[in-house]
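A.B. asks: Shown below is the structure under consideration.
All of the numbers you see were taken from the coordinates with simple rules; none came from a lab. This structure is a prediction, so every number in the text was calculated from the model and none was measured. Cβ placement follows ideal geometry from the backbone for every residue including glycine, while neighbour counts extend to all protein chains displayed.
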Amino acid sequence: MQKNSNPKKNSTHLELLKLGKIFFKEKKFFDFYSKHKKSSFEAIKNINLKIEKNTFVSIIGPSGCGKSTLLNLIAGLQAPTSGKIIIDGLAIKGPGPDRGVIFQNYALMPWLTTIQNIEFALNTVFPEKTKPDIKERAINYLRMVGLEKASNKFPKELSGGMKQRVAIARALSINPNMLLMDEPFGALDALTRSYLQEELLSIWRKNKVTVVLITHSIEEALLLSDKIILMSSGPSATISEEISVDLERPRDRQNIEQDPKYLKIKMRLEKHLLRETRAVEEVT
Amino acid sequence: MNKVISKRLTFVVTILSLLIFIIFWQIIAQQGLLVKNFPGSYKTINALIWWVSDPFFDNGPNDLGIGFNLLISLRRVLIGYSLAVLVAIPLGVLMGMSKLAQSSLNPYVQLLKPVSPLAWLPVGLFVFRNSEITGIFVIFITSIWPTLINTAFGVASINPDYLRVSKSLGASKSITIRRVILPAIMPNILAGMRISMGTAWLVIVAAEMLLGTGIGYFIWNEWNNLSLENIFVAIIIIGFTGFILDQFFGFLQDKFDYSI
């Protein structure tokens, strides 16, 4: 398939080494009198992970397990408390245009039109490019997600699915080689969701990018990923398992559910998630 | 269809209630039901027509056309208010962005905000020795707080997603402030500016009674002339001007309303 033709297939793109993040509680004046010693929260701990170039990896785990924290760390939006994030052999120091980030709530600027939202990203990342260049590029990416006709519309005039397509176009427009997605389809209805999943797959096939997708949907992870990372319940969440999804591509939403391999992985995932969720629910 | 009729109906009712008010006012005044020599609506409307038909005459500071007085007040408000906005927005952004600025400046804001701006009038007179600058100074103090507080609140409560997008693109602080934070908090800034303008217009009348010239001084002067109908004329004109100013900000707020 397409990925076999890629000679770089087995080179590591992203590596996490003993990654940990502790959120320290801000010391307030009256804490002096407080008897409670609980002053910090360890979200994730000792995360070790290797992700290969141009693969599609999903991270799945019970709610509150620090999946989003992990993604924020990889994006460089937060600094880790311990450990290292290595991209293409170099430890990252912060955010960078080599990584495109897509948020659950689309995060489009409501005062900008669709095309202006993309132009904002392009202007920020490529300040040397001329205005017509940037405009042309923005239109090309809007066309890629099928929204060139909505270029002068404001986000409030778009549906949730359209907004997320604009956000995907914005993230890809800066030509990243890694796409970080934090439950991007979580707020969408089932039909829009499956449409956007197909869309994402075809974009991934065309643009050579490594995708890291945070999701809580087992079906979504199975349909899209090469590898699924299972996280344990928080606090101090870590990786409990890595599962390779060696199902043939393109995967068909209807037929895949009859595949015994699919069912086997699905059962394993469900068992794990149930166990971890029980751990979360019974603690509180 | 229904909407058209109800709109026409409200218009008719408004006109009718105004007519009834004017008639009652005249009857009460004529019968001396309130106090003796209270001007009726007939006398007041005549005075209003007289003042409005020739708003710009100048027979010395105690006999100035109402148009001149209004322009003097508007000029003071506009200068003091603009200076206040120019200070309040950057300071508000700073307070919203930096915890240090917030905690070091907030005590002053909280302490000074509830003080009537007129308390600053003697201070202004002592420092500037000039009633014109003192008036502008009082309006400056009046206008600064609502815009400052709203701006700081807007920055502190900005949708973190916008900042994360900006940060993930590697945007500099200056780009983030100019292209993300300022547009994002425009609704807050405008709401603050609207309140600031409202209070400034309230305060200028009181301040001018003590400063000389302007629409506030006009009222004080007419009180010395015991001409209550002219005071009513000023009240109507002040109210109308305040309404126009407020509507202008309402229009701007509609323009910058991002909500879905």
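A.B. asks: Work out, step by step, the length gained on full extension between A:Ser202 and A:Glu241: first 0.36 nm times the residue separation, then minus their alpha carbon distance; give nm to one decimal. Intermediate results must be reported in sequence, preceding the final value.
C.D. replies: Working: separation 39, 0.36 × 39 = 14.04 nm, distance 2.76 nm.
Using 0.36 nm per residue and subtracting the Cα-Cα distance, I get 11.3 nm.
A.B. asks: What does the charge dipole of the protein assembly as shown about its Cα centre add up to, to the nearest 20 debye, if the Cβ of each Lys and Arg holds +1 and the Cβ of each Asp and Glu holds -1? Show your work: numbers first, answer last.
C.D. replies: Values: 61 positive and 43 negative charges, 329 e Å.
It works out to roughly 1580 debye.
A.B. asks: So in the protein assembly as shown, what percent of DSSP beta bridges are antiparallel if you round to the nearest 5? Write down the numbers at each step before the final one.
C.D. replies: Numbers: 22 of 41 bridges.
Beta bridges within the protein assembly as shown, antiparallel portion: roughly 55 percent.
A.B. asks: Spin-label point model (7 Å from Cα, Cβ direction): what's the A:Asn175 to B:Asn159 distance in nm?
C.D. replies: Simple spin-label model gives 2.9 nm for this pair.
A.B. asks: Determine Rg/Rh for the protein assembly as shown; Rg is computed over alpha-carbon atoms and Rh is the Kirkwood hydrodynamic estimate from the same atoms.
C.D. replies: Working: Rg = 32.6 Å, Rh = 28.7 Å.
Ratio of gyration radius to Kirkwood radius: 1.14.
A.B. asks: Report, in order of residue number, the helices in chain A meeting two criteria: a C-alpha extent of 18 Å or more along the helix axis, and a mean Kyte-Doolittle hydropathy of at least 0.0; treat each whole DSSP H run as one helix.
C.D. replies: Numbers: long enough: A:131-144 (20 Å, -0.98); A:160-173 (20 Å, 0.13); A:190-206 (24 Å, -0.38); A:260-283 (35 Å, -0.75).
Helices passing the filter in chain A: A:160-173.
A.B. asks: Relative to the longest principal axis of chain B, what angle (0 to 90°, nearest 10) does the C-alpha long axis of helix B:66-97 take?
C.D. replies: Its long axis makes an angle of about 20 degrees.
A.B. asks: Separate question: About its Cα centre, how strong a charge dipole does the range B:39-255 have in debye, to the nearest 20, once Lys and Arg get +1 and Asp and Glu get -1 at the Cβ? Numbers along the way, then the final one.
C.D. replies: On the way: 13 positive and 10 negative charges, 255 e Å.
Roughly 1220 debye for the range B:39-255.
A.B. asks: Please work out the C-alpha center-to-center distance from the range A:211-231 to the range B:150-185 and express it in whole Å.
C.D. replies: 31
A.B. asks: Quickly work out the B:Trp50-to-B:Lys99 label distance, labels modelled 7 Å from Cα along the C-beta direction, and quote it in nm with one decimal.
C.D. replies: Taking the two extended label points, one gets 6.6 nm.
A.B. asks: Let me ask you something else. With the cut-off at 1.5 for a/c, could you classify chain B from its C-alpha gyration tensor as rounded, prolate or oblate?
C.D. replies: Values: a/c = 2.88, a/b = 1.58, b/c = 1.82.
It is oblate, given that a/c is not under 1.5 and a/b is not larger than b/c.
A.B. asks: Work out, in µm²/s and without decimals, the Stokes-Einstein translational diffusion coefficient of chain A at 37 °C, 0.692 mPa s, Rh from Kirkwood over C-alpha pairs.
C.D. replies: Working: Rh = 20.2 Å.
So the translational diffusion coefficient is about 163 µm²/s.
A.B. asks: Given R₀ = 60 Å, what would the calculated FRET efficiency be for A:Ala91 paired with B:Ser6, taking r from the Cβ atoms and rounding to 0.05?
C.D. replies: Details: r = 68 Å, r/R0 = 1.14.
Once rounded, the FRET efficiency stands at 0.30.
A.B. asks: Sticking with this one: Figure the gain on full extension for B:Asp63 and B:Ala119 (residue separation times 0.36 nm, minus the Cα-Cα span) and round it to one decimal in nm.
C.D. replies: Working: separation 56, 0.36 × 56 = 20.16 nm, distance 2.84 nm.
Value of the extension gain: 17.3 nm.
A.B. asks: Relative to the longest principal Cα axis of chain B, at what angle does helix B:186-211 sit, 0 to 90 degrees, rounded to 10?
C.D. replies: Long axis of B:186-211 versus the principal axis of chain B: about 40 degrees.
A.B. asks: To the nearest Å, what is the center-to-center distance of the range B:190-245 and the range B:66-81, using C-alpha atoms only?
C.D. replies: Their Cα centres are 10 Å away from one another.
A.B. asks: Over the range B:54-115, what number does the Rg to Rh ratio reach, with both radii from the alpha-carbon atoms and Rh per Kirkwood?
C.D. replies: On the Cα set of the range B:54-115, Rg over Rh gives 1.30.
A.B. asks: Here is a further query. Normalise the Cα radius of gyration of the range B:27-72 by 2.2 N^0.38 Å (N = residues in it) and let me know the number.
C.D. replies: Numbers: Rg = 14.0 Å, N = 46, 2.2 N^0.38 = 9.4 Å.
Ratio of Cα Rg to 2.2 N^0.38 Å: 1.49.
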